[in-house]
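The values are calculated or read from the model by the stated rules, or taken from the named source; none is laboratory data. Note that the structure is a prediction, hence the values are computed from the model and not measured. All Cβ positions, even for glycine, are placed from backbone atoms using ideal geometry, and neighbour counts span all protein chains on display. Side chains included, ligands, DNA and RNA excluded: accessible areas come from the protein's heavy atoms. Shrake-Rupley method; radii C 1.70, N 1.55, O 1.52, S 1.80 Å.
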Amino acid sequence: MSRPSLQSWRRQLFGSVPDTVLSLGLGALISWAAWGFLHWAFGQAQWLVLRANAATLTIGRYPEAQEWRLWLLLGLLVSLTGLSWGLLRGRATAAGWPLNDRIAAGLLSLLTLVVPPLLAFGGLNQLRLLFLLGLLLLLRGLAGRWLAHRWGLRLAQSWPLVWAGAYLLGLWLIGGGLGLTPVRPSDWGGLMFTLLITSLTLLLALPLGVLLALGRRSELPLLRWVSVAYIEVIRGAPLITLLFLGQNLVGFLLPGGLAPDRVWRAAAVLTGFAAAYVAEAVRGGLNAVPRGQLEASRSLGLSTAQTLGLVVLPQALKVALPALVGQCIALLQDTTLLSIIGLFDLLGIARSVLANPDWLGRYAEVYLLLAVLYWCSCSALSLGSRALEQRLSSSNLRPAHR
Amino acid sequence: MTSSQLMIEARGVNKWYPNGFQALRGADLEVRRGEKVVIMGPSGSGKSTFLRTFNALEDFQGGSVVVDGIALNNDLRNIDAIRREVGMVFQQFNLFPHLSVLDNLLLAPVWVRKRPRAEVRQQALALLERVGIGPQADKFPGQLSGGQQQRVAIARALCMEPRIMLFDEPTSALDPEKVREVLDVMRQLAFDGMTMVVVTHEVGFAREVADRVVLMDEGEVVEVAPPQQFFNDPQHERTRRFLAQIL
């Protein structure tokens, strides 16, 4: 595409009288809104509420004495991210970092340098964040330079296992037990809780959804009917009613002490809910796999299970990927409903902060931060999925690894 | 002829589709070890359906099919055992688009025969070389022409070391100039002694390679004869009519 010149801009914006009117009108509207926002942001808004509650919004009422565990977890995640980043991107370009990587590194550095002082984090925490940034970039560089070439392929195969192990380790660090002081789920909160419950739900809902989709296409009538009934019932009910049901009904059904923590009940409901939608997305993918693939696989002697796992599902999931990512994003946003049943997800903890008389009326500041955080999380998901889609579709054009 | 020499023995095979249409009406066929049989017939004559009963891709309601001494029935173990020994090549190639050419060949030997990957890899590369796809082993099926894809499909079937090869209109989906490269591979395979059953409209291939040519019409085997007799002196009116249309 050619660079838009001043002339082409003029042609597009002021080509005719209606265009000119429209351009000027919209320009005025945007300027007015921007002026209003800036006036509010630098004049009336009181950002102290964010500074004072930064920790609460991030981790909720997690005991301060145990906070080191979360830092440790963050360090672990950062290390793995750095290594994965290097492994994924290092192979493509032997010399130097690709432009996108340099942009990402620059943005991250900028954020780490600017945001903590703005929010008046303690000096120690600022140092920790800087250390984590350094760790991330260092590992990215090292992995891209050394690991990717010598060990890249062997590591890439077992890498998901490494992440799975880290996830379990993370759950242990957050929840405690087995030698660590237990921290009850009701004390988890804020951004950490939102990300934790979203990821946990997704990890459980994906396999469950795939099973439901397969059940729906099964040749066994009972299995098929049960799957269809489940999917249609769940898809026909609003999530919030299911959440209330999960909170209240289970309490009636099970004797008091046996009912699991409210957080786990909510996670179970979210999982069951997401699974029904995942199943429909996967069903779309399954339908897109031509019958000939099945016949070719069976004619080679592969069993039904092998055909499914080696031939059908890899193709179906690739087709279903955009819809699945849509589900992930929807699920992340659906976790805000947890605040309505009284859990302290990001929205819930924000509401509890706003209920504090000290911060009376500071709605706009807090909700703006929430909007930015949710937007960042969702954008990260869709960016990641787009990259994954590109990788998968170009894998049909690139030499395979041996 | 003793029965042990029979690779395929189909007797009185009947098949009805769920909508009541009878696709096969007592079709009979015997294929001896090393024999090349070409099945011809107008579209809708049941020739593909008949072929697909030989590796249980189609079920049937009456009659019997015995492949390499194993009777095809509802016993799943028998079906899997037969499919391992019977290679199949489809009209639409049906390569696995998410796997590289080489991985297409490796999949079944590694997962079904449980053979070590490195060992199969040598064999697969040799096979690809033989069908003229050697340099493309690392490409994906979508990057190959139709003729190349079909040759890969043949190599994929051969990599299982089958005792019989079935071809279901292997050149019908190809551009005319690509037909020859696939037929050359099949000719070579026939020359090497493979037992082959081929559904095709390629008269030249049938004349040159087939030991016997079969005419199917309306789900029945109408005529079975050596190519010389089949094309020059057919015994049945329906064969004459069919040949008049295609020759």
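Numbers at a glance
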| quantity | calculated |
| --- | --- |
| Heavy-atom accessible area ranking, 1.4 Å probe, most first, across A:W68, A:W32, A:W359, B:W16 | A:W32, A:W68, B:W16, A:W359 |
| log10 of Debye I(q)/I(0), alpha-carbon scatterers only, for chain A at 0.07, 0.08, 0.12, 0.14 Å⁻¹ | -0.45, -0.59, -1.24, -1.45 |
| Local net charge near B:G12, Cβ-Cβ under 10 Å (Lys/Arg +1, Asp/Glu -1) | +1 |
| Using distinct alpha-carbon pairs, which all enter the 1/r mean, Kirkwood radius of the stretch B:6-75 in Å | 12.4 Å |
| Heavy atoms of A:H149 accessible to a 1.4 Å probe, total area in Å² rounded to 10 | 100 Å² |
| Per residue accessible area in Å² of the stretch A:63-175, where ligands, DNA and RNA are left out and the probe is 1.4 Å | 60 Å² |
| A:Y62, A:Y277, reordered so the largest accessible area comes first (probe 1.4 Å) | A:Y277, A:Y62 |
| Simple Cβ-charge dipole of the stretch A:63-175, Lys/Arg +1 and Asp/Glu -1, about Cα centre, in debye nearest 20 | 500 debye |
| Distant alpha-carbon pairs in the stretch A:63-175 (separation over 21 angstrom), percent | 45 percent |
| Accessible-area composition of chain B, carbon plus sulfur, in percent [1.4 Å probe] | 47 percent |
| For the stretch B:112-180, the fraction of alpha-carbon pairs in successive 5 Å shells from zero, as % | 3, 15, 25, 24, 20, 8, 3, 1 |
| Within the accessible area of the stretch A:185-395 (1.4 Å probe), percent carbon and sulfur | 70 percent |
| Share of carbon and sulfur in the accessible heavy-atom surface of the stretch A:63-175 [1.4 Å probe, %] | 74 percent |
| 10 Å Cβ neighbours from other chains, averaged over peptide B:97-103 | 6 |
| Charge-dipole axis of the protein assembly as shown as Lys and Arg at +1 and Asp and Glu at -1 on Cβ define it, positive-most pick from B:I79, A:W163, B:V66 | A:W163 |
| Rg ratio (alpha-carbon, reference 2.2 N^0.38 Å) - chain B | 1.00 |
| Distant-in-sequence amide H partners of B:G26 (H built 1.01 Å from N, under 5 Å) | B:V13, B:N14, B:K15 |
| Within the stretch A:188-279, trypsin sites (Lys or Arg not before Pro) in DSSP loop having at most 16 other beta-carbon neighbours inside 10 Å | A:R217 |
| Principal axis dimensions, the stretch A:1-46 - Cα atoms, whole angstrom, descending | 44, 26, 12 |
| Burial ranking of peptide ranges B:205-216, B:148-159 (average Cβ count within 10 Å, highest at the top) | B:148-159, B:205-216 |
| Student exercise, the stretch A:185-395 dipole from Lys, Arg, Asp, Glu Cβ charges, in Debye to nearest 20 | 580 debye |
| P(r) tail fraction, the stretch A:149-267 - alpha-carbon pairs more than 23 Å apart, % | 53 percent |
| Accessible area that becomes buried as B packs against A, both chains, 1.4 Å probe, Å², nearest 100 | 2300 Å² |
| Accessible surface, the stretch B:147-243, averaged per residue in Å² (probe 1.4 Å) | 39 Å² |
| Within-12-Å neighbourhood charge of B:N78 [Cβ basis; K, R +1; D, E -1] | -1 |
| Shielded by partner chains, the stretch A:281-309 residues - at least 30 Å² of accessible area, 1.4 Å probe, vs chain alone | A:Q293, A:E295, A:A296, A:R298, A:S299, A:L300, A:G301, A:L302, A:Q306 |
| Diffusion constant of the stretch A:185-395 at 4 °C, which comes from Stokes-Einstein with the Kirkwood Cα-pair radius and 1.567 mPa s, µm²/s | 68 µm²/s |
